[in-house]
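The values are calculated or read from the model by the stated rules, or taken from the named source; none is laboratory data. Everything numeric in this text was worked out from a predicted model, so none of it was measured. We place every Cβ from the backbone using ideal geometry, glycine too, and count neighbours over all the protein chains shown. Ligands, DNA and RNA are stripped out before the accessible areas are found, and what is left, the full protein with its side chains, is counted by its heavy atoms. Shrake-Rupley method; radii C 1.70, N 1.55, O 1.52, S 1.80 Å.
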Amino acid sequence: MREHDQYTEYEAGFDHADDLGWHAKKAKKSRARGDDDVAPVRRGRLTEEAKDRLTQMREDAAAADVPEDGDRWSTWGEADQGPKPHPGWLVTDLSAVDRELGIVKTGKEADVFLLERAMPGTDRSCLLAAKRYRSNDHRLFHRDAGYLEGRRMRRSREMRAMTNRSAFGRNLIAERWAVAEFAALTTLWRLGAPVPYPVQRDGTELLLEFVGADGAAAPRLAQLRPDPEELLDLWRQLLDALGLMASAGLAHGDLSAFNLMVHDGRLVVIDLPQVVDLAANPRGPEFLERDVRNVAGWFTARGLAPELAEPHEVTAMLLDVAGLG
């Protein structure tokens with residue numbers, strides 16, 4: 001980085017960074033010639049006036065790029081896009097606008113917002129869940145060390161930053177979680193697993209299929225009290241979903257009745273940032289068994305026959321599906 005790139009304005013009164021760079025170069029040459037009477041270039045913080053001017057410039061630039069009937073233009077063109085063929089309900093026009101309708105869920109690592117993507121002047125629109133992982137200003141994944149095993153970065157600088165949890169490292173971790181969840185959802189969607197369609201990923205923001213109706217999210221499994229017949233059906237759906245995940249070599253990593261939704265009688269697996277590669281992660285089988293024990297305990301506590309949900313047997317079956325039995 002050139003010397004003057006680090007500063008925009010400073011207290012000595014130069015109006016632009018280019019002026020600062022010119023004077024800095026001139027002073028450097030003069031000092032090299034031995035001109036002792038050349039005053040050194042002063043460096044300092046932005047003046048309050050400069051700060052206000054910079055803030056106003058940013059606000060004006062942002063306002064100029066905001067569509068009239070939305071909060072932003074569609075980010076579809078700049079993002080990593082979901083698997084093809086794209087669903088018919090999805091609006092993929094670059095001239096579409098996104099409008100936030102409210103918050104769906106807050107969490108320790110990410111918040112989920114309800115987003116409408118619509119084409120102005122038409123009745124074409126779709127509802128999306130915008131999952132936004134928090135930046136380094138927030139607490140990130142206090143239990144992430146075990147999950148990060150097997151997700152090695154190629155650059156040693158990035159690995160050190162993640163290990164030391166610097167601001168840069170925490171941002172990297174947040175993006176790695178988003179990348180991991182998007183990749184897992186893409187893989188599982190292609191296999192036909194019951195997961196939300198992964199629309200796109202842009203940095204630490206994921207846009208996903210909204211699971212619900214009329215802007216109301218479908219309930220979590222933990223909120224339901226299914227009758228015996230419904231309970232058995234949901235357990236069988238869950239075994240099928242876990243089997244598909246295992247066939248891809250994956251375990252959820254943090255599965256519970258709170259990470260499962262039920263929409264029109266269909267079980268949907270959500271919240272997969274901590275997805276575990278069963279082969280690459282040395283603790284993979286351990287995470288899988290914990291997932292199974294968590295959900296099996298919920299089902300048996302509500303009346304499912306224990307012999308149908310014996311954790312050790314189910315885990316062994318899934319590891320066999322994954323080729324690790």
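Worth pointing out:
- Taking 0.36 nm per residue of separation and subtracting the current Cα-Cα distance, fully stretching the chain between E48 and D233 would add 60.2 nm.
- Efficiency of FRET from Cβ geometry, R225 and L191, R₀ 22 Å, rounded to 0.05: 0.10
- Length gained when the stretch H312-D69 is fully extended (0.36 nm per residue, less Cα-Cα span): 82.1 nm
- Residues in the stretch 65-109 reached by a label modelled at T122 [backbone nitrogen below 17 Å; 7 Å Cα→Cβ]: 69-70, 73-77, 86-99
- Put a dot 7 Å past the Cα of E175, heading toward its Cβ, do the same for I103, and the two dots end up 2.6 nm apart.
- Per residue accessible area of the stretch 253-304, 1.4 Å probe, in Å²: 38
- Three semi-axes describe the equivalent ellipsoid of the stretch 246-325; taken as square roots of 5 times the Cα gyration tensor eigenvalues and ordered largest first, they are 21, 16, 11 Å.
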